[in-house]
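Report on the following structure.
The values are calculated or read from the model by the stated rules, or taken from the named source; none is laboratory data. Just so you know, these numbers come straight off a predicted model, no measurement behind them. Positions of Cβ are generated from backbone atoms using ideal geometry, with glycine treated the same way; all protein chains shown enter the neighbour counts. We work out accessible area using only protein heavy atoms, side chains counted, and drop any ligands, DNA or RNA first. Shrake-Rupley method; radii C 1.70, N 1.55, O 1.52, S 1.80 Å.
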Amino acid sequence: MKARVFGLTTLALAAGLAQAQTDLAPVDPSALPLGVKRIAASADECAVWRRERSFAKSVEAHDLPAFESHLHPGVVFNAGDAEADRGRAAVVQNWAGIVEGKGIVLRWRPGIVDIGGDPAIAISRGPWILQATRDGAASFSVGFYQTVWARDAKDATWRVLFDAGASTPLKVADRAAAAAWVAEQPMSDCAAG
């Protein structure tokens, strides 16, 4: 696995957390909590919010084909970095271990989605939790991601065009502390349905 995913893999490698592929700590399978604070959102923004949620669930389900289906052919992951992953094939290759949950477990949920002057471009920013394991012990970090979505003119499907971390990772004591931090983060009011 390359050290470029969300900037999280770099963090895990620097801390020596992704080194152990055996003796994994149990993964908390519960969904990330939704945000208590809700921000008004349009129907189109909620469509992107739900697509982001589907994207996150593809990783939770360890479903690489579903993960790939969310990616624009010209996607750039770790956007804005000199070593960004460019193109669907590169992103799928470099994320395969994360999607499979090898060494680290990544969970995120949609936060706030905005659509500006171009109705085919949206930005999504939300919280993530990273669980890494070393010598059988889990450690947890939280932070924000940011994703730019483009709506395909042919099939009207929203796909990830750019993706990157949007904060410096913050270590937290455990999964409960991570979940509490996630619940404090606002989100577009799209959770119903």
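Worth pointing out:
- Stretching residue 44 away from residue 89 to a fully extended chain increases their span by 13.4 nm, per 0.36 nm per residue minus the current alpha-carbon distance.
- Amide proton proximity set for residue 79, modelled H, under 5 Å, gap of 5+: 163, 164
- A simple count of charges around residue 142, restricted to other residues whose Cβ falls under 11 Å of its Cβ and scoring Lys, Arg +1 and Asp, Glu -1, yields +2.
- Neighbours of residue 52 by Cβ distance under 15 Å: Lys/Arg scored +1, Asp/Glu scored -1, total +3.
- Projected onto its three principal axes, the C-alpha set of the stretch 71-193 covers 48, 34, 28 Å, listed from the longest axis down.
- Over all other residues within a Cβ to Cβ distance under 15 Å of residue 152, the charged ones net out to +1, with Lys and Arg as +1 and Asp and Glu as -1.
- In plain terms, the chain from residue 174 to residue 121 could stretch by 15.5 nm, reckoned as 0.36 nm per residue minus the Cα-Cα distance.
- Pairs with C-alpha atoms separated by more than 27 Å, drawn from the list 102/171; 37/154; 102/154, are 37/154; 102/154.
- Loop-located trypsin sites (Lys or Arg not before Pro) in the stretch 99-159, at most 10 other Cβ atoms within 10 Å (DSSP): 154
- Average accessible surface area per residue within the stretch 93-138, 1.4 Å rolling probe, Å²: 35 Å²
- The GluC sites (Glu not before Pro) of the stretch 29-118 that meet both conditions, a loop assignment by DSSP and at most 13 other Cβ atoms within 10 Å of the site Cβ, are 83.
- Spin-label model distance (nm) - residue 167 vs residue 82, 7 Å beyond Cα toward Cβ: 2.8 nm
- Within the accessible area of the stretch 43-157 (1.4 Å probe), percent carbon and sulfur: 50 percent
- In this simple spin-label approximation, residue 152 and residue 31 carry label points 7 Å from Cα along the Cα→Cβ vector, and these lie 2.6 nm apart.
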